[in-house]
Amino acid sequence: MRRLTPVLALGALLLTALPAHAADGPAHRDSYGTKAPYAPRQNPHGYQQAPAGFVPVFTENVSRHGSRAAGDSEDGDLILALWDKAEAEGRLTDRGEEFGPKVRALQAAMAKVGYGNLSGRGKRELADTAVRLERRLPSLFGKIADKGEKIDVVSSGQGRAVDSGTVFAGALADADPALEPLIGPTRTDKDLLYFHKAAGGAAYRDYIDNDQRLKDTLHGITDQPRTRQAARSVLRTIFEDPFLEQIPDQVGAAEAVYNLYAIAPAMSEESPDGAGWGMERYVSRTDAAWFGYLGDAEDFYEKGPGFADSDITYKMAGVLLDDLFEQVEAKRAGTSDLGAELRFTHAEEIIPLAALMGLPGSTRPATPGEPYTYADNPWRGASVSPLGANIQWDVFEKGDRYLVRMLYNEKETAFKAGCRPVARGSAFYDLDELERCFGRS
């Protein structure tokens, strides 16, 4: 199989690319990749005021669902089968003795929540985000209530996205009960919010299934000594050395342990004491950072900026960017009776949209032949699309002029290079300028 760079040289490069504090301090957030739980990225008291005379007239978002259970029981089943065998042979380490019961308890908690469904933490993330939205724009929601404007809620139709919309809308109504009769039932738009599996994603799916360069690149990143070393390190925490030789796919088994480590924070509220599952006892900080990097590399090439000579991973997000613009343009034209448009979707949509829009961390694709590393690329799944990630546009009006402010994970964020704000350092952009900048005028 063709390699883009020699494996040993690549491994040496990547070893220098891990987070500097991955080995001495709390487990680095990046090690969770896109399973990282949500946290707002700006102090609520630090937002800029709109220019004089401008008042909020509309808001819209695109939100990933909140923290959830694993999609299925496969990882737990795989590692528990090995654990049961090792227990029967007396080949568990002291920490390994604790591991099986913890995994069984975590599996039971996820089964109770429902595999793939929102966890308690996920529901809280969405509800808290909704409350902060209402508090940021109280005059807008007061106007929506006074004028009887509608709040539209739309999702991909997948259970966790539907539930995220329901929780978000419910929390918004709790924050301002006058909004409740104005919030419509959550509707489904798969073409808009599940485009990677809809008709518009056909070319993308062919790339994922059949592109040889993609396969070679990911194989070259993963299939190297550092991965096998990390796998043995993880497994040695649980199993005695003689038992390791009975595990034919040590990397696969270690990845299963890592996947349980990565999903555990999302399930923290279901743990026996609500404090967490302690999975970090079985995956060292350096090994977690390595497996987190491997997951980021896969997401980077399969969903994110990808290769510099191709837009196949994010071109299909144009349908969602178009909708963001069209909602604002309809408000300006006076043809919309909406006060808010709330969308709930998945990482497979947030990550390409971030790349298409040139959001921070998603501006640099990889040069073919020079694989993505932490050392030379700022893209991190935990920052680009953590669980509960969101992109929000707030619209302000003064006469016939409309301004847009963007928040990315609740942080005021500049639009892409080439878009000019109304003043240097301002978070506000004229709608006409954004249309020019994005080629819509």
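The values are calculated or read from the model by the stated rules, or taken from the named source; none is laboratory data. Everything numeric here is computed off the predicted structure, so don't read it as measured data. Cβ coordinates were reconstructed from backbone atoms using ideal geometry, including for glycine residues, and neighbour counts include every protein chain displayed. Just the protein is used for accessible areas: all its heavy atoms, side chains included, with ligands, DNA and RNA removed. Shrake-Rupley method; radii C 1.70, N 1.55, O 1.52, S 1.80 Å.
Stokes-Einstein diffusion coefficient for region 228-340 at 37 °C in a medium of 0.692 mPa s, Rh from the Kirkwood formula over Cα pairs: what value in µm²/s?
Values: Rh = 18.0 Å.
D, rounded to a whole number, is 183 µm²/s.
On average, how much accessible surface per residue is there in region 345-441, in Å², for a 1.4 Å probe, leaving out ligands, DNA and RNA?
34 Å²
Would you give the gap between the C-alpha center of region 313-391 and the C-alpha center of region 393-420, rounded to a whole Å?
Comparing the Cα centres of region 313-391 and region 393-420, I get a distance of 15 Å.
Lys315 versus Arg281, label points 7 Å from Cα toward the beta carbon: distance in nm?
Between Lys315 and Arg281, the label points sit 5.1 nm apart.
So what are the ³J(HN,Hα) numbers for region 80-86, from phi and the Karplus equation (6.51, -1.76, 1.60; θ = phi - 60°), rounded to whole Hz, Gly and Pro as x?
With coefficients 6.51, -1.76 and 1.60, one gets 5, 4, 5, 4, 4, 5, 5 Hz.
Between Ala198 and Ala308, 0.36 nm times their residue separation minus their Cα-Cα distance comes to what?
Working: separation 110, 0.36 × 110 = 39.60 nm, distance 2.48 nm.
Here the answer is 37.1 nm.
Taking Cα atoms of region 192-252, Rg/Rh with Kirkwood Rh, to two decimals?
Radius of gyration over Kirkwood radius for region 192-252 works out to 1.23.
Taking 7 Å along the Cα-to-C-beta vector as the label spot, tell me the Arg205-Lys147 distance in nanometres, rounded to one decimal.
The modelled label-to-label distance comes out at 4.1 nm.
Please list 138-144, 165-171, 60-66, 240-246 highest first by mean number of surrounding beta-carbon atoms within 10 Å per residue.
For the peptides 138-144, 165-171, 60-66, 240-246, the packing ranking is 60-66, 165-171, 138-144, 240-246.
Given a 1.4 Å probe and every protein chain left where it sits, what share in percent of the accessible area of region 234-371 is carbon and sulfur?
Answer for region 234-371: carbon and sulfur cover 45 percent of the accessible area.
Taking a threshold of 25 Å on the Cα-Cα distance, which of the pairs Lys123/Lys411; Lys123/Lys215; Lys215/Lys411; Lys150/Lys398; Lys35/Lys143; Lys123/Lys190 fall above it?
Pairs exceeding 25 Å: Lys123/Lys215; Lys215/Lys411; Lys35/Lys143.
Return the distance in nm (one decimal) between the two label points of a simple spin-label model at Glu326 and Glu245, each offset 7 Å from Cα along Cα→Cβ.
Result: 6.4 nm between the two label points.
What order do you get for 40-46, 329-335 when each peptide is scored by the mean count of other beta carbon atoms within 10 Å, highest first?
329-335, 40-46
For region 272-396, what is the largest minus smallest coordinate of the Cα atoms on each principal axis, given in angstrom and ordered from greatest to least?
57, 48, 20
Placing +1 on the Cβ of each Lys and Arg and -1 on the Cβ of each Asp and Glu in the chain, which of Ala427, Tyr374, Ala198 has its Cα farthest towards the positive end of the resulting dipole?
Ala427
Just order 251-262, 145-156 by mean Cβ neighbour count inside 10 Å, highest at the front, would you?
Values: 251-262: 22.8, 145-156: 18.8.
Per-residue mean Cβ counts within 10 Å order the peptides as 251-262, 145-156.
How about Lys416: which lysines have a C-alpha closer than 17 Å to its C-alpha, ignoring those fewer than 8 places off in the same chain?
Partners within reach: Lys315.
[x] 76, 47, 41; [y] 77, 65, 52; [z] 63, 46, 40: which one is Cα extents along the principal axes in Å as calculated from this entry?
The value matching this structure is [x].
What whole-number distance in Å separates the alpha-carbon centres of region 421-441 and region 238-281?
47 Å
Cα gyration tensor of region 117-262, axes a ≥ b ≥ c as square roots of the eigenvalues: rounded (a/c below 1.5), prolate (a/b > b/c) or oblate?
Here region 117-262 falls in the prolate category.
Contact order normalised by length for region 282-403, with contacts defined as Cα pairs under 8 Å and 6 or more residues apart; what percent is it?
With pairs under 8 Å counted, the relative contact order is 30 percent.
Between Asp174 and Ser426, what is the FRET efficiency for a Förster distance of 30 Å, r being their Cβ-Cβ separation, to the nearest 0.05?
Calculated value: 0.35.
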